[in-house]
1. What about residue 119, is it under 58 Å from the mean Cα position of the chain (by Cα), surrounded by 10 or more Cβ atoms within 10 Å (Cβ to Cβ) and free of Cβ contacts under 8 Å to residues at least 12 places away in the same chain?
2. Taking helices (runs of 4 or more DSSP H) that fall entirely within the range 84-148, which contain at least 3 residues that are over 20 Å from residue 31 (Cα atoms) and modelled with pLDDT of 75 or more?
3. Select from the range 23-44 the residues that are not in a helix (DSSP H, G or I) and not polar (S, T, N, Q) and list them in ascending order.
4. Every residue in the range 149-172 that is in contact with a helix residue (DSSP H, G or I) (Cβ under 6 Å, 6 or more places away or on another chain) and part of a helix (DSSP H, G or I), please.
5. Filtering the range 45-71 down to residues that are among the polar types (S, T, N, Q) and not in a helix (DSSP H, G or I), which residue is surrounded by the fewest Cβ atoms within 10 Å (Cβ to Cβ)?
6. Test of understanding: among 37, 24, which residue is out of contact with any Leu (no Cβ under 8 Å at 6 or more places or on another chain), surrounded by 15 or more Cβ atoms within 10 Å (Cβ to Cβ) and modelled with pLDDT of 90 or more?
7. Examine the range 161-172 for a residue that is surrounded by 10 or more Cβ atoms within 10 Å (Cβ to Cβ), more than 24 Å from the chain's Cα centre (by Cα) and hydroxyl-bearing (Ser, Thr, Tyr), and state whether such a residue exists.
Amino acid sequence: MAEDLDTLKLHPSDNPRLSLVTTILDGSNFLSWSRSIKLVLTAKTKMSFISKDAEIPERNTKEFEQWIKVDSMVTSWILNSISRDIVESFMYTKTSKELWTELENKYRQSNGPMEYRLKRELASLSQARENADIKSSDQLMQFLMGLKDSYDHVRSQILMMEPYPNVSKAFSMVLRIEKQKEVNTEPQYASQNLAMQAFKKQEFPRTFQKKRNFVDKRSQGYRDWYKNLMEQRKKNATEINKAVVVIEIKEETNMMIDEKAIAHVLKSELHKILGGFKPQH
């Protein structure tokens, strides 16, 4: 009874100028149009007015008067949803149910070829999808067979997936495994680098330092000896220069000195310079 009251009730916004759908019936789109009309009437609890099992209240009752009012509203909504080019043929129907029956009889049969074409296209799309799935599966198998034995784990993981991934997704999984391997090997390389750095900074310098200390001790003796030698040579050169100067002075003051005297003086000076070493005659 509550449902009947809702069916016979109109909302304040309901009016005869309302169109139920945005796409009107033009004679070639009855299937989609009728589907939209039924959805809207169901939402408004008015679907019973066009259904085959619709019941009309007894005449000369308040319910009948309300039913006539609501049915006229539903008829107006349907007529407003039909193209002006064809709506004239349905203007004289008595009830919304009669209007709907005439629309079905006229346009539902004419839409048979369209329905067939649509179903055929859907079947073709389904078949094309199946073919695409088969092709994708073949490509995936070829890709997996091309992988090295080191990828057996990821290969098995992909084959266990349901449904099979496409080649692009499988390739991404392989790349992810490869990157994971690189991350896992980085600590090993890092430890090797640290060991090498420790060897360079600690072990090698210690060994080299020992050898270097040994060489430094030996070279220190040679440096001291060489330094003393250089100083002695410099001192000897200075003394020799002094001797030459003495000889030159004596030559200037006494030009009569003979060669034997000069040689005697030179040998004496050399004897002093050389620390008592007697030059050979």
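The values are calculated or read from the model by the stated rules, or taken from the named source; none is laboratory data. Just so it is clear, the structure is predicted and the values come from calculations on it, not from any experiment. A quick note on method: Cβ atoms are made from the backbone with ideal geometry, for glycine too, and the neighbour counts reach across all protein chains shown.
1. Details: under 58 Å from the mean Cα position of the chain (by Cα): yes; surrounded by 10 or more Cβ atoms within 10 Å (Cβ to Cβ): yes; free of Cβ contacts under 8 Å to residues at least 12 places away in the same chain: yes.
It is true that residue 119 is under 58 Å from the mean Cα position of the chain (by Cα), surrounded by 10 or more Cβ atoms within 10 Å (Cβ to Cβ) and free of Cβ contacts under 8 Å to residues at least 12 places away in the same chain.
2. Numbers: elements: 84-87, 96-103, 112-145.
By residue number, 112-145.
3. Kept after step one, since they are not in a helix (DSSP H, G or I), are these residues of the range 23-44: 23-29, 44.
Answer for the range 23-44, where residues must be not in a helix (DSSP H, G or I) and not polar (S, T, N, Q): 24, 25, 26, 27, 44.
4. Filtering the range 149-172 down to residues in contact with a helix residue (DSSP H, G or I) (Cβ under 6 Å, 6 or more places away or on another chain) leaves 154-155, 158, 164, 166-167, 170.
Listed by number, the residues that qualify are 154, 155, 158, 167, 170.
5. Within the range 45-71, the first condition is being among the polar types (S, T, N, Q), and the residues that meet it are 45, 48, 51, 60-61, 66.
Subsequent filtering for residues that are not in a helix (DSSP H, G or I) retains 45, 51, 60-61.
Numbers: 45: 16, 51: 12, 60: 7, 61: 10.
Here the residue is 60.
6. Values: 37 fails: out of contact with any Leu (no Cβ under 8 Å at 6 or more places or on another chain).
Exactly one of 37, 24 is out of contact with any Leu (no Cβ under 8 Å at 6 or more places or on another chain), surrounded by 15 or more Cβ atoms within 10 Å (Cβ to Cβ) and modelled with pLDDT of 90 or more, namely 24.
7. No: the range 161-172 contains no residue that is surrounded by 10 or more Cβ atoms within 10 Å (Cβ to Cβ), more than 24 Å from the chain's Cα centre (by Cα) and hydroxyl-bearing (Ser, Thr, Tyr).
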